[in-house]
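Here is the structure we will look at.
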Amino acid sequence: MKYTIKELIRSDILALTPYSSARSEFTGDAKVFLDANENWQQFVGYRDVNRYPDPLQRQLKAKIEAVLGLPSAKLVVGNGSDEIIDLLFRVFCTPFKDKAMVLIPTYGAYQVFADINGVAVSTCQLKDDFSIDFQRLETICQLIHGGTPATGMHKLLFICSPNNPTGTIVPLDAIERIARGFPGIVVVDEAYHDFAGGTSAVSLMERYPHLVVLRTLSKAWGLAGARVGLAVADEEIVAAMNKVKYPYNMSLLAQQCAMDALDKADQVRQEVRRTITEREKLSKRLKQLAFVEEVVPSQANFVLVRVRDADCLYAFLRDKGIIVRNRSSLRGCYGCVRITVGSSAENETLMTALQEWEGLR
Ligand SMILES: *Cc1c(COP(=O)(O)O)cnc(C)c1O
């Protein structure tokens, strides 16, 4: 590693004294809690909702460790991955000085949170098959080289695997190659890892402590509405993120919901297998449609499909009440729509509409 993690963290954040909440100053058991100006009574049917939640979500982290095998000391849990991505910008990037890098086409949130935080983004286009173009990446890295933590530099590089919207994975050796060369923090967003199986980039973290891995309970775990995302990171990064995050960044309800879902791991994993079967079935049927030019092999719970007249097809489906994601104006995804794998009934409804569209052409 060219720089230590401490050197990469914003110096003003390292020096920051965080807010200390009542719930973090006293955490033991007691008879009477009169320290947080809470109400002793509650008026709705959610257990303990009158009390402030644990700012560090210790019970939830223990459960995440037990079920997902991710070390609780290296976890930050947030209000969706969105919060985690935003926190990474706030911890590492000094506004209007540091920069970030993304491999496009990819998840739009990296760019948006960079914009909000005053962080310029360099992009590196993926190859036509959506694999990493190392020649291009190395050329860009040489061009952007020269910055330091003192003068401003590319602090974050985002790799999304399986990638949204392509569904393709970035192999571990490619991630390792980037981790070896990139002087800043390499963030691997594994939001769709449950659908891909394979080895997680978490396995590289011991050798590359400047790797951060993101997960979410929004997809396979069915909790998009509860907002639960997490990062696995080196303890020094965890400490900095904990200083910067809102003290009670996750509601008690979200924490309880997450623990309930993790208790159902067997069922969730069975449903993931079912989604994968549906994905393969759907991909195969999509390929048979005359107006479909390409179905990108997916390792996630969606498929990217290149079609003739994507905008017209999108409007046709929308008018039938079927909403897919139109990605046709995204560089690298021209003519593509992204379709989430639904229930078999929903997929059937989609296929019926697509067959009707085929007949009209
Ligand atoms: C859906 C998704 C997430 C999850 O975001 P949440 O804020 O946790 O719901 C993260 N990264 C990618 C690439 C996604 O597609």
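The values are calculated or read from the model by the stated rules, or taken from the named source; none is laboratory data. Note that the structure is predicted; figures quoted are calculated from it, not measured. In this analysis, Cβ positions are derived from the backbone assuming ideal geometry, glycine residues included, and neighbour counts consider all displayed protein chains. Quick note on the areas: whole protein, heavy atoms, side chains included, nothing else; ligands and nucleic acids left out. Shrake-Rupley method; radii C 1.70, N 1.55, O 1.52, S 1.80 Å.
A few comments on the model shown:
- Separation of the D173 and D29 label points, Cα + 7 Å toward Cβ, nm: 5.4
- In angstrom, the C-alpha Rg and Dmax of region 153-228 are 12.7, 37.
- Using θ = phi - 60° in the Karplus curve 6.51 cos²θ - 1.76 cosθ + 1.60, the 3J(HN,Hα) couplings for region 318-323 round to 4, 5, 8, x, 10, 9 Hz; x is entered for Gly and Pro.
- Heavy-atom accessible area per residue - region 69-144, 1.4 Å, Å²: 42
- q = 0.10, 0.14 Å⁻¹: log10 I(q)/I(0) that the Debye formula gives for region 97-191, counting C-alpha atoms only: -0.24, -0.47
- The loop-placed chymotrypsin sites (Phe, Trp or Tyr not before Pro) in region 253-340, going by DSSP, include none that has at most 10 neighbouring Cβ atoms within 10 Å of its Cβ.
- Degrees between helix 265-287 axis and first principal axis of the chain (Cα, 0 to 90, nearest 10): 30
- J(HN,Hα) series, region 164-174, from Karplus relation 6.51 cos²θ - 1.76 cosθ + 1.60, nearest Hz, glycine and proline x: 9, x, 8, x, 8, 9, 9, x, 4, 5, 5
- At q = 0.11, 0.14, 0.20 Å⁻¹ the log10 of I(q)/I(0) for region 270-351 amounts to -0.26, -0.43, -0.88, computed by Debye summation with a single uniform scatterer per C-alpha, solvent ignored.
- Cα-based reach from K320 at 20 Å (exclusive), listing aspartates and glutamates while leaving out same-chain residues under 8 positions away: D309, D311, E346, E348, E356, E358
- For region 244-361: accessible area per residue (Å², 1.4 Å): 54
- Just checking the listed ones, T94, T27, T349: in the Gaussian network model of the chain with Cα springs under 10 Å, the one fluctuating most is T27.
- Each Lys or Arg adds one and each Asp or Glu takes one away; over the other residues whose Cβ falls under 13 Å from the Cβ of A300, this sums to -1.
- Net lengthening on full extension, F134/R269 (0.36 nm per residue, minus Cα-Cα): 45.2 nm
- Peptides ranked, highest mean first, by Cβ atoms within 10 Å: ranges 155-161, 2-8: 155-161, 2-8
- Applying a 4.7 Å Cβ-Cβ cutoff to the chain leaves C93, C124, C141, C160, C257, C312 as cysteine residues with no disulfide-compatible partner.
- Distances between every pair of Cα atoms in region 87-246, grouped in 5 Å steps from 0 to the bin holding the largest one, split as 2, 9, 18, 23, 23, 16, 7, 2, 0 percent.
- The chain: most fluctuating residue of Y208, Y19, Y246 per GNM, C-alpha cutoff 10 Å: Y19
- Database remark: amide H of S122 closer than 5 angstrom to the amide H of A100, M101, V102 (H placed geometrically; neighbours at sequence offset of 5 or more, or on other chains; Pro and chain starts carry no H).
- Net charge of the neighbourhood of E65, taken over other residues with C-beta under 11 Å away and scored Lys/Arg +1, Asp/Glu -1, is +4.
- Of the three principal axes defined by the Cα atoms of region 207-340, the extents in descending order read 53, 34, 34 Å.
- Peptides 265-277, 64-76 ordered by packing proxy, namely the average of other Cβ atoms within 10 Å per residue, highest first: 64-76, 265-277.
- Compared with the direct C-alpha span, the chain from Q59 to R331 gains 93.6 nm at full extension, assuming 0.36 nm per residue.
- Inter-part distance, region 85-101 to region 36-82, computed on C-alpha centroids, equals 26 Å.
- Using θ = phi - 60° and Karplus 6.51 cos²θ - 1.76 cosθ + 1.60, couplings along region 338-354 (whole Hz; Gly, Pro as x): 9, 10, 6, 6, x, 5, 5, 5, 5, 5, 5, 4, 4, 4, 4, 5, 5
- Cα gyration tensor, the chain - rounded (a/c under 1.5), prolate or oblate: oblate
- Stokes-Einstein diffusion for region 180-271 at 10 °C, viscosity 1.306 mPa s, with a Kirkwood radius from C-alpha pairs, works out to 108 µm²/s.
- P(r) of region 55-122 over all Cα-Cα pairs, binned every 10 Å from zero, in whole percent: 19, 39, 27, 14, 0
- Just the protein heavy atoms count here, and of the accessible area of the chain at 1.4 Å, carbon and sulfur take up 51 percent.
- Taking the Kirkwood radius as Rh and the Cα radius of gyration as Rg, region 207-256 has a ratio of Rg/Rh equal to 1.02.
- Convex hull volume of the C-alpha atoms in region 31-70, normalised per residue: 98 Å³.
- Alpha carbon Rg of region 125-179, scaled by the compact-globule rule 2.2 N^0.38 Å: 1.27
- For region 1-100, averaging the sequence separation of C-alpha pairs within contact (under 8 Å, six or more residues apart) and dividing by the residue count gives a relative contact order of 28 percent.
- In whole angstrom, region 14-165 maps to an equivalent ellipsoid with semi-axes of 40, 19, 14, each derived as √(5λ) from the alpha carbon gyration tensor and ordered largest first.
- Net charge of Cβ neighbours under 10 Å - reference H193; Lys, Arg +1; Asp, Glu -1: -1
- Above-threshold pairs, the threshold being 21 Å between Cα atoms, out of K127/K219; K74/K99; K74/K245; K264/K284; K61/K219; K6/K99: K127/K219; K74/K99; K264/K284
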